[in-house]
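K.L.:
Let me give you the structure first, and then I'll get to my questions.
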Amino acid sequence: MVEESNSVVTPAVVIYFAVTLSSGIQSTVETLQQVGVVSLTAERVRMLEEYRADRSYPPVRSADLALLESVLDSGCSMVALIGPTGAGKSVMLDALYRRYPQGEVVIVPDIMLARSVLREGAARLVLLDETLKSLTPSEERTELESMACAIEGSDKQVVIVLHSRSNLDCFKEVVNLDA
């Protein structure tokens with residue numbers, strides 16, 4: 001079994017013996033450095049930091065983002081954002097959110113909050129992510145019609161992530177992120 005040990009077992013054995021023998025912290029660190037565990041851990045931490053830095057701005061398909069922005073620039077008041085799970089709908093909203101000055105855009109995950117923001121909020125662009133997901137198609141239609149009435153005559157625009165395609169006729173524009 002010793003001949004078949006792998007790189008995970010060897011550091012674990014070293015740590016076990018270091019703790020079991022109650023050696024001092026200095027000798028434990030020296031032992032871990034000798035077998036390469038400390039340097040491996042430091043490298044993993046560095047790689048994780050780089051991964052987090054890369055993930056701070058998730059990748060977005062620029063053509064889809066440009067399409068969504070052009071639809072909004074045309075003045076469309078309500079836009080549906082559709083696509084299968086994992087297509088990047090939430091990522092698209094996040095990217096859009098980052099492009100507008102603070103205070104001009106808001107991401108809303110809750111129906112009651114969406115109603116309030118549409119009536120009284122200062123944000124010009126309201127992004128609804130997963131807000132209507134739990135509703136039946138009939139309830140969804142009622143909410144969409146209510147939102148359309150709430151923003152009629154205002155300068156507000158709404159982008160709504162939809163998981164159901166049953167009420168697409170409520171929208172003048174639909175951006176489809178089918179992969």
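The values are calculated or read from the model by the stated rules, or taken from the named source; none is laboratory data. Nothing here was measured: the structure is a model prediction, and the numbers come from that model. We work out accessible area using only protein heavy atoms, side chains counted, and drop any ligands, DNA or RNA first. Shrake-Rupley method; radii C 1.70, N 1.55, O 1.52, S 1.80 Å.
K.L.:
Suppose accessible area is computed on protein heavy atoms with a 1.4 Å probe; arrange Glu69, Glu130 from highest to lowest.
P.N.:
Values: Glu69 45, Glu130 65 Å².
Largest to smallest exposure gives the sequence Glu130, Glu69.
K.L.:
Pull up all non-local amide H partners of Val79: gap of 5 or more, or a different chain, and H-to-H distance under 5 Å with H placed in the peptide plane.
P.N.:
Those lying under 5 Å, H to H, from Val79 are Val158, Val159, Ile160.
K.L.:
Could you run the Karplus curve 6.51 cos²θ - 1.76 cosθ + 1.60 with θ = phi - 60° over segment 69-74 and give me ³J(HN,Hα) per residue in whole Hz, x for Gly and Pro?
P.N.:
Karplus-based 3J(HN,Hα) across segment 69-74 equals 5, 5, 5, 5, 4, 6 Hz.
K.L.:
Quick one: order Ser166, Ser62 from most to least accessible surface, probe 1.4 Å. Mind dumping the intermediate values first?
P.N.:
Values: Ser166 60, Ser62 90 Å².
From most exposed to least exposed: Ser62, Ser166.
K.L.:
Using protein chains only and a probe of 1.4 angstrom, how many square angstrom of Ile82 are accessible, to the nearest 10?
P.N.:
About 10 Å², rounded to the nearest 10.
K.L.:
I'd like the accessible area for Arg61: 1.4 Å probe, protein heavy atoms, all chains in place, Å² to the nearest 10.
P.N.:
Its accessible surface works out to 100 Å², give or take rounding.
K.L.:
For Thr142, Thr131, give the ranking by accessible area with the largest first, probe 1.4 Å. Intermediate values should be presented prior to the final figure.
P.N.:
On the way: Thr142 80, Thr131 5 Å².
Largest accessible area first, the list is Thr142, Thr131.
K.L.:
Amide H neighbours of Val105 under 5 Å, at least 5 residues apart or on other chains, H built in the peptide plane: list them.
P.N.:
Long-range HN contacts for Val105: Arg124, Leu125.
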